[in-house]
Amino acid sequence: MVRKSLFGKSPVKGDTLPLIRRLWADWMRPHARTLSVVLVLVALVAGATGLYPVLIKAAFDAFTAKDQRAILLAPLFVIAVTSVKGFSLLALTVLTNKVVTRIEADMQTALFGHLVDADLAQVSRESPAAFTQRFTTDFLFIKEALTRLSTVFLREVTTIIALIGAMLWIDPVGTLVAAVTVPFIAHPIGKIGKKLRRVAISTQEQTGQMASLITESLAGTRVAKTYNLEGYLKAKGAHTFDEVRALKMKAANARGRLDPLLEAGGGFAVAAVLVLIGWRILSGESTVGDFTGFVSALILAAQPIRALGNLNAIVQEAAAALQRTFHVMDEKPTIRAKPDAAPLTVAEGEIRFMDVSFAYGSESAALKGIDLVAEGGRTTALVGRSGSGKSTLLSLVPRLYDVTGGAVLIDGQDVRDVSLTTLRDAIAVVSQDVLLFDDTVRANIAFGRPGATDAEIEAAARAAAAHDFIGRMPEGYETRVGTGGSRLSGGERQRVSLARAFLKNAPILLLDEATSALDSESERLVQNAIKELMRGRTTLVIAHRLSTVRDADRIVVMEAGRVAEVGSHADLVAESGIYARLHALQLSNDLDPVSVGPITPAA
C-alpha cells in the first residue's frame with residue numbers, strides 16, 4: 001500500500017529537507033527501534049574515535065613525566081578503544097544494510113503497486129523502459145543515500161562532535177581558531193550541492209530516455225533491418241549516449257571540486273593551529289602533549305568533514321531520484337470506485353452510450369456525441385477506418401478510461417457508480433494486442449478465472465482451438481510462454497488469450513479484431529468457437545474484415561469519432577453509404593479498410 005504523503009505532491013524544485021522528512025515519516029519511522037540501536041552503535045564509534053586524541057595527549061604527557069605505570073597502561077587502553085570501535089562498526093554495517101534494503105524493497109513494492117493501479121493515461125505517458133529505470137538507477141541513488149545517512153552522516157557528525165569536545169578540553173583557544181575556517185568551506189559546498197541536484201534530475205531523465213531507446217531499438221530489430229535503419233539508430237544512440245555522458249561529466253566535475261576545497265580548507269586550519277600552539281609551547285602555556293593531542297584530533301576530524309562534504313553530493317542526487325519517485329506516487333488514479341459503489345447487476349446486459357464524448361488529455365476529442373445501444377444478448381459490430389474511435393469506445397465499457405461527457409450504462413447502471421471489481425468481472429476482453437505473462441500456459445489461461453480446475457482450463461483451450469498445439473509442446477500446459485509470450489507464435493498467443501476469455505465466461509464480451517493474428521485454418525476453428533461463445537451474450541466486436549461481421553445483429557459504422565451509419569449488413573449495403581463502399585472495395589480488391597484511407601458517403 002502506498003503511504004500517504006505528508007506534503008501533498010512532491011515539489012519538482014525545492015529544498016532537500018522536506019524530502020528527507022517525508023522519507024523518514026513514510027518509510028524509516030517503522031524501523032525506529034532498529035535505528036535506535038544504530039544510534040547507540042554510532043555513539044560508541046564516535047566516542048571511541050574522540051578518545052584517540054585524549055589517549056595520545058595522556059601518553060605524551062606520561063612520556064614527558066616518565067610515568068612508567070601510565071606508559072604500560074596506554075597500549076591496553078588503545079586496544080580496548082579500537083576493539084570497541086571495530087565491533088561497533090561491524091554491527092553498525094549489518095543493521096544498516098538490513099534496514100536500508102528493507103526500505104528499498106518497500107518503496108519499490110509501493111511504486112510498482114501504484115503503477116499497477118494507475119490510470120492508463122499515467123502509465124502511457126512514459127515508456128516501460130523509463131519506468132524500469134526508476135526501479136534500478138533511481139533506487140541505486142536512494143539506497144546509497146540511505147546507507148550513507150544511516151552510517152556516514154550519523155557516525156561522522158557524532159565523531160566530529162566528540163573530537164570537538166576533545167579539542168575544547170585540550171585547547172579551547174585553538175579550537176576557536178580552527179572553527180573560523182568552517183564558513184569559508186561550507187558556503188561553496190552548498191553551491192556545489194545545488195548544482196549537483198539540477199544535474200542529477202537531468203541525468204536521471206536522460207537515462208530513462210536512453211533506456212527507452214535501447215528497448216525500442218532492440219524490439220524493432222526486424223523493422224530496422226528491413227528498412228536499412230541501422231545507421232539512423234546508431235546515430236540516434238550515439239547522440240543520446242553523448243548527452244548522458246555530458247551530464248555525467250558535469251556531475252563528476254562538480255563532485256571533483258569538493259576534495260580540493262576540503263583539502264585546502266583543512267590545510268589552512270592546521271596551519272593556523274600550528275602557529276598558535278607552537279607559539280604557546282614556546283611561551284610555556286602549552287605542553288607537547290597538548291600539541292600532539294590537539295593536532296591528532298584536528299587531523300582525525302578532517303576525514304569525517306570530508307565525508308560529510310561528499311555526502312552532500314550523494315544526498316542531492318538521491319533527492320532528485322526521490323522527487324521523481326514521489327511525483328509518480330502522488331498522482332492519484334482518477335478511475336476508481338466510489339466509496340459507496342454498489343455491485344453491478346447484469347440482467348439483460350444492455351450497453352447504452354448516452355451522448356458520450358471523450359478526449360485523451362488536451363488532445364482533440366476522439367469521440368463526439370455517441371448515442372448508441374448494444375442490445376443485451378446480441379452482437380453489435382463496430383466498423384470503420386483506423387482512428388475512427390472504435391477501440392476507444394470499447395475501452396469505456398470496462399472503464400479503462402472515463403468519459404469526458406455523457407455516460408455509459410449497463411442495464412441502466414452508470415459504470416462510474418458500480419464497483420470496478422464487479423464491472424470488470426462481468427466483461428471478457430480479447431484484443432488484437434495480446435499480452436501473455438511470463439508464466440505457464442495453464443497459468444495464463446487460468447487468469448480468466450482464478451481457481452478454475454484443470455478440466456475447465458483444458459475445456460476452454462479446446463474451445464479456443466488451442467488444446468492441440470499445447471499438447472504438442474514438450475511440457476504441455478506447464479510450458480512457460482516467455483516474456484510477453486515470446487516462445488509462442490502470434491496465432492498461438494491469440495488462441496491462449498481466447499481460451500482465457502472462454503474460461504471467464506462473462507456475460508459481456510468485447511472483441512477487438514480477435515482473429516487478426518490467426519492463420520486461415522485456426523481462424524476458421526476459432527470463428528466457430530467465438531460464434532458459440534457469443535450466443536446469448538452481449539457482444540461488441542471490432543473487425544476490419546467485413547466478412548467477419550456480416551452476421552452481426554447490428555453494425556455500427558464510425559467515422560471521425562461519430563456514429564455515421566447503423567443497421568444490418570443487408571440494410572447498410574442497400575443504403576449505398578460508407579458501409580456499402582467499404583463492402584464493395586473489399587469484394588473487388590480484397591483490401592482491408594484500414595488501408596484504403598478515408599471513406600466518404602457516395603453522392
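Every number here is computed from the coordinates shown, using simple stated rules; none is lab data. None of these values were measured; they are calculated from a predicted model. Positions of Cβ are backbone-derived with ideal geometry, glycine not excepted, and every protein chain shown enters the neighbour counts.
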Problem - Least to most buried among 392, 101 (fewest other Cβ within 10 Å first) - result: 101, 392
Problem - Farthest toward positive dipole pole in the stretch 391-496 [+1 Lys/Arg, -1 Asp/Glu at C-beta], among 455, 437, 426 - result: 437
Exercise for the section: Can you tell me the FRET efficiency between residue 235 and residue 157 if r is taken as the Cβ-Cβ distance and R0 is 51 Å, rounded to the nearest 0.05? Expected result: 0.55
Fill in the blank from the handout: Quick calc: nm separation of the 7 Å Cα→Cβ label points for residue 360 and residue 462 -> 4.2 nm
Fill in the blank from the handout: The exposure ranking of 472, 21, fewest beta-carbon neighbours within 10 Å first, is 472, 21
Practice task
With r as the distance between the Cβ atoms of residue 243 and residue 334 and R0 = 35 Å, compute the FRET efficiency 1/(1 + (r/R0)^6) and round to 0.05.
Solution key: 0.55
Fill in the blank from the handout: The pairs in 332/531; 338/390; 332/390; 98/236 lying past 31 Å Cα-Cα in this model are 332/531; 98/236
Fill in the blank from the handout: the stretch 355-408: relative contact order from alpha carbon pairs under 8 Å, six or more residues apart, as a whole percent, is 44 percent
Problem - Span from the the stretch 535-584 Cα centroid across to the the stretch 115-164 one, whole angstrom - result: 53 Å
Problem - Net length gained if the chain between residue 417 and residue 168 were fully extended (0.36 nm per residue, minus Cα distance) - result: 82.6 nm
Practice task
Residues in the stretch 419-449, backbone N under 11 Å from the label point at residue 123 (7 Å along the Cα-to-beta-carbon vector): list them, ranges by number please.
Solution key: none
Handout entry: Value of relative contact order over the stretch 312-441, rounded to a whole percent, pairs C-alpha under 8 Å and six or more apart
Key = 30 percent
Exercise for the section: Enumerate by residue number the GluC sites (Glu not before Pro) in the stretch 345-418 meeting two conditions: DSSP loop (anything except H, G, I, E, B), and at most 15 other Cβ atoms within 10 Å of the site's Cβ. Expected result: 348, 363, 375
Fill in the blank from the handout: Going fewest to most other Cβ atoms within 10 Å around each Cβ, 473, 329 line up as 473, 329
Problem - Computed FRET value (nearest 0.05) for residue 79 with residue 17, which takes r as the C-beta separation and R₀ as 30 Å - result: 0.10
Exercise for the section: Would you kindly derive the ³J(HN,Hα) couplings of the stretch 375-380 from the backbone phi angles with the Karplus curve 6.51 cos²θ - 1.76 cosθ + 1.60 (θ = phi - 60°), listing them in order in whole Hz, with x for Gly and Pro? Expected result: 5, x, x, 10, 9, 10
Problem - Inter-site label distance for residue 550 and residue 524 at 7 Å from Cα along Cβ, in nm - result: 1.7 nm
Completion exercise
For residue 357, other-chain or 5+-apart residues with amide H closer than 5 Å (H placed, Pro excluded) are 369, 370, 404, 405, 406
